[in-house]
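Encoded as structure tokens, the structure appears first; notes follow it.
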Amino acid sequence: MGPVRRVPRAPPLRLPAVAGSPASDPKAILRHGASSHAAEIALLTCMAPLTTMPANHDIYKAVVRLTNTTNRDKHGSLGSGVVFSPAGLVITNNHVIEDSDFGTAFGKITVESLQRVDRAASNTVPAELVIRNEVYDLAVVRIAETPPNHFIDLLKTPSTDASLMERRIRVLGYPPLGGGTITVTRGIVSGFDEDGNLKTDTEINRGNSGGAALDEFDRFLGVPSFISCDAEGKLGFIIPVDRIKEWFGDVLKSGVPQRSDQLEEAFVSSNLNYSGDNLDQSNRYPRILGKFAAVETLLSMGEYEKVLSHVRFILEKRPRSALAYHYLGNAFLGLGRYVDAAAQFRIALTHNPSHIPALGNLGVTLIHLSRYSEAIQIFEQIIDSTDNPAELWPSYNNIGRIYEIWGKEGPAQLYRQRAAELSAAAAERMSQYKCHQNSGDKVTALLDAMVSAEIKTEDESS
């Protein structure tokens, strides 16, 4: 069942106070003898700033849409970014451009900019990673071609402090939920967390990460980065501009420049501090890649018990890795621990809802648990969301199995027939996934040696 949608109750109206003016308090108008009609006019006048869009949309054009495409994800992941220099430097979140499984950032990054607020972002140009930091969850990328004509001057942005409490703000970005056009949501600063991030009730969704949070005077407050959501509600969190400047101070050997037109020269590679948590495209924990390769090898060998320690190592370093949870679920599935397997597949899907292999294996696990109706819903969901024969074939086949278990031969035959029609295309697609090893291939031999060494090391330590 999908998430229950709640209609949020409108927050109490906070009218801007003007010293010495009874119009700042509607009740005061009535106390001063004004008619109720005059009070309504005063209310409308005070409310206008809440509903009127800014006349100047240029600041919106400094917010761009980022796409990060990897070999494993041909469709690419979407996020947002903010142009903060005339030369086209863009601040975004590290998790927008990082592979959440491997911790690397070798994807192909492209940037799309806004021409009109009622049109989709366009003018796609390539961009390159400059530097990133997992702890700050920040990254700087550089637009490789002509940058947008507009940027937000972070260096002149005032600090964030307690005076922001309850201030009205809006968040700009490109969540897929809003299509290809820029999306603006409004709320207030709801508080501060222990790390100094701003809390907000402003609606923030996937794809908003890396965008801009602005106050009612178009002042840049920070980068919307993540949400915390449970049965009791949802809060968004914004990395404040002070934290961004703090990171710049750690990254730039020469210190943070005084003017934005000096940033391009400051962010040259020779002036960047690639140490500690500041990374380029490479992984902070190189052993993780060997661990993933070892897990895949052990799963193919049926050594499910040995998989567990390798996956736990990965999750200590990459706690948001959907692939690691998927592999852990596969190991539990092989061990016959079906309840544990289902739990791991569900965790994988919370981190990557579009991870169809985890969804399919969850369906298989539910068959083992005799939860047939739930399994059918999952396989039907896969059928509706993919055209990959390697994913369609097992879905049709498993639905046919369930109808066969129920003794419904008619539907079982229909689904089995559809699976048979897809079997050749599925086999061809699966053959493309397999690595054709060559005994004379030095790279393959080196990879095999690394995997063997990783497995042997883990066995000895156990």
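Computed from the coordinates by the stated procedures, all read-outs in this text should not be read as laboratory data. Note that the structure is a prediction, hence the values are computed from the model and not measured. Reconstructed Cβ throughout: ideal geometry from the backbone, glycine too, with neighbour counts over all protein chains shown.
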- Query: On average over all directions, what projected area in square nanometres does the range 150-220 have, based on the convex hull of its Cα atoms?
  - Reply: 5.3 nm²
- Query: If the convex hull of the alpha-carbon atoms of the range 109-171 is projected onto planes in all directions, what is the mean projected area in square nanometres?
  - Reply: 6.6 nm²
- Each residue of the range 288-302 in turn: what ³J(HN,Hα) in whole Hz from Karplus with 6.51, -1.76, 1.60 and θ = phi - 60°, glycine and Pro shown as x? 4, 4, x, 5, 4, 4, 5, 4, 4, 5, 5, 4, 5, 8, x
- Give me the log10 of I(q) over I(0) for the range 287-449 at q = 0.15, 0.16, 0.21 Å⁻¹, as the Debye formula computes it from C-alpha points; what are the numbers? -0.90, -1.00, -1.37
- Message: Check which residues have an amide H placed less than 5 Å from Gln115's amide H, if you skip close sequence neighbours.
- Response: Ser122
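Count the net charge of all other residues whose Cβ sits under 10 Å from the Cβ of Ala139, scoring Lys and Arg as +1 and Asp and Glu as -1.
Working: positive: Arg132; negative: Glu98, Glu134, Asp137.
Once all neighbours under 10 Å are counted, the net charge is -2.
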- Note on the structure: Ordering 220-226, 256-262, 148-154, 123-129 by per-residue average of other C-beta atoms within 10 angstrom, highest first, gives 220-226, 148-154, 123-129, 256-262
- Whole-Hz ³J(HN,Hα) from phi, Karplus 6.51 cos²θ - 1.76 cosθ + 1.60, for the range 178-190, glycine and proline x: x, x, x, 8, 5, 10, 10, 10, 10, x, 10, 6, 8
- Item | Overall form of the range 53-284 per C-alpha gyration tensor (a/c, 1.5; a/b vs b/c) | rounded
- Message: Per residue of the range 130-135, what does 6.51 cos²θ - 1.76 cosθ + 1.60 with θ = phi - 60° give for ³J(HN,Hα)? Whole Hz please, x for Gly and Pro, Karplus curve as stated.
- Response: 9, 6, 8, 8, 6, 5
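Give, rounded to the nearest 20 debye, the magnitude of the charge dipole that the range 376-417 has about its Cα centre when Lys and Arg contribute +1 at Cβ and Asp and Glu contribute -1 at Cβ.
180 debye
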- Message: Which of rounded, prolate or oblate describes the range 76-141 when judged by the alpha-carbon gyration tensor and an a/c cut-off of 1.5?
- Response: prolate
- Determine, for each peptide in 281-288, 319-326, 244-251, the mean count of other beta carbons within 10 angstrom over its residues, then list the peptides with the highest first. 319-326, 244-251, 281-288
- Message: Treating only the Cβ of Lys, Arg, Asp and Glu as charged (+1, +1, -1, -1), what charge dipole size does the range 287-449 show about its Cα centre? Round to the nearest 20 debye.
- Response: 520 debye
- Task: Decide, for the range 210-250, between rounded, prolate and oblate: order the square roots of the alpha carbon gyration tensor eigenvalues as a ≥ b ≥ c, take rounded if a/c falls under 1.5, and otherwise choose prolate if a/b is larger than b/c, else oblate.
- Result: oblate
- About its Cα centre, what dipole magnitude does the range 193-324 give when the only charges are +1 on Lys and Arg Cβ and -1 on Asp and Glu Cβ, stated in debye to the nearest 20? 660 debye
- Query: Ranked from highest to lowest mean number of other Cβ atoms within 10 Å per residue, what is the order of the peptides 189-196, 385-392?
  - Reply: 385-392, 189-196
- Message: How far apart, in nanometres, would the label points at Gln281 and Asp118 be if each is projected 7 angstrom from Cα along the Cα-to-Cβ direction?
- Response: 4.2 nm
